[in-house]
Amino acid sequence: MLQTKEKKKREKYDVVSNIIIIVFALLNLFPLYWLFTSSLKNSSDVIKMPPDWWPKTFSFSNYVDVFNNQPALRWTLNSLFVAGVSTILVVIASSMAAYAFSKLNFFGKNMLFVVFISSLMVPKEVMIVPLFRITQDLGMVNSLWGMIWPNVATAFGVFLLKGFFDSVPDALREAARIDGAGEMRTFLQILLPIVKPGIGALFILNFVQVWNDYLWQLVIGQDKNVKTLMVGIATLMQDLNPNFAYKMAGATVAAVPMLLIFLLFQRYFTRGIAGGAVKE
């Protein structure tokens, strides 16, 4: 009898919880819905009050104008190149550094790790001037590589992946060494596949961060053909007589790649966040 009451109570709780989750999910999706539907309207309909919650007429002319009147395709390819290459390099560098901090023994390891992680407290805006001077001396101003290299050395990636490497038993590494595997083989073929969920989570987080890195890309990419999508779309907002539907179409184009990346790596992201919370 008590079990039946507990079961019914739990079922009611699950129903209420699911309803609340669905409501909040719809609220979070509403900005995307409004962005996409506004991109299919005329400019006057976007700012109309009261607003039309559903477009009366669908028009893709705003998207056509974005790609015809602006080098939006070039901006998109630039953003994909910068975010993709930066993220791949971050994953390589962070996984190797995290493995060293987690599994190798060397003098001053703990102190060096504390100093390294302390850099997370320094905002990137503080380093803009010295970073720009270094990039300028290397001749990478107004180039995509100038946007990529400053994003490679990230303490967050090392901190995230170190937690995953710490959760791998040392006995596994010792067994590999007994079987004759070298350090690099142990890292690449044994431990790295185990921390794949963490790598997936880092890939998504870093890709989104670099994709949205407006300030640094604005400073480095001064030529119109070197601009990334975020910077290029922002320039559309500077018109004296703005076409709001035109801007919405540009913002939608900028949002689509991030959504695709998240959908492709969603299972790794979920497993990575859940796995990072479990420590043995």
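The values are calculated or read from the model by the stated rules, or taken from the named source; none is laboratory data. Because the structure is a prediction, the values reported are computed rather than measured. Positions of Cβ are backbone-derived with ideal geometry, glycine not excepted, and every protein chain shown enters the neighbour counts. The area values use the complete protein model at the heavy-atom level, side chains included, leaving out ligands, DNA and RNA. Shrake-Rupley method; radii C 1.70, N 1.55, O 1.52, S 1.80 Å.
Projecting the Cα positions of MET121, SER94, GLN189 onto the charge dipole of the chain (unit charges on Cβ atoms of Lys, Arg, Asp and Glu, taken about the Cα centre) puts GLN189 furthest along the positive direction. Ellipsoid semi-axes for the range 1-139, based on the Cα gyration tensor and the rule √(5λ), read 43, 37, 14 Å when sorted largest first.
A protection proxy built from the mean count of other Cβ atoms within 10 Å ranks the segments 65-72, 209-216, 20-27, most packed first, as 209-216, 65-72, 20-27. Take every Cα pair under 8 Å whose residues are at least 6 apart in sequence, average their separation, divide by the length of the range 1-96, and the relative contact order is 17 percent. With a cut-off of 14 Å between beta carbons, the residues surrounding VAL158 carry a summed charge of +2, where Lys and Arg count +1 and Asp and Glu -1. With the helix formula -39500 (n - 2.57) applied to DSSP H stretches of n ≥ 4, the chain reaches a computed 222 nm mean residue ellipticity of -22000 deg cm²/dmol.
Put simply, the range 91-144 fits an ellipsoid with semi-axes of 29, 15, 10 Å; these come from the alpha carbon gyration tensor as the roots of five times its eigenvalues, largest first. Over the range 149-190, the reciprocal of the mean inverse Cα-Cα separation, the Kirkwood hydrodynamic radius, stands at 11.9 Å.
Of TRP53, TRP145, the order by accessible heavy-atom surface (1.4 Å probe, DNA, RNA and ligands excluded), from most exposed downward, is TRP53, TRP145. Dipole check for the range 48-152: with +1 at the C-beta of Lys and Arg, -1 at the C-beta of Asp and Glu, and the Cα centre as origin, the magnitude is about 200 Debye.
Sparsely packed loop sites in the range 9-74 (the trypsin sites (Lys or Arg not before Pro) outside DSSP H, G, I, E and B with at most 15 other Cβ atoms within 10 Å) comprise LYS48, LYS56.
Charges were assigned to the Cβ only: +1 to each Lys and Arg, -1 to each Asp and Glu. The resulting dipole of the range 1-84 about its Cα centre is roughly 480 debye.
Max-minus-min Cα coordinates of the range 63-213 on each principal axis give 63, 34, 24 Å, with the largest extent listed first. Diffusion of the chain by Stokes-Einstein, at 10 °C in a medium of 1.306 mPa s and with Rh set to the Kirkwood radius over alpha-carbon pairs, works out to 71 µm²/s. Using the average count of surrounding beta-carbon atoms within 10 Å as a protection proxy, the listed peptides 165-172, 98-105 rank, highest first, as 98-105, 165-172.
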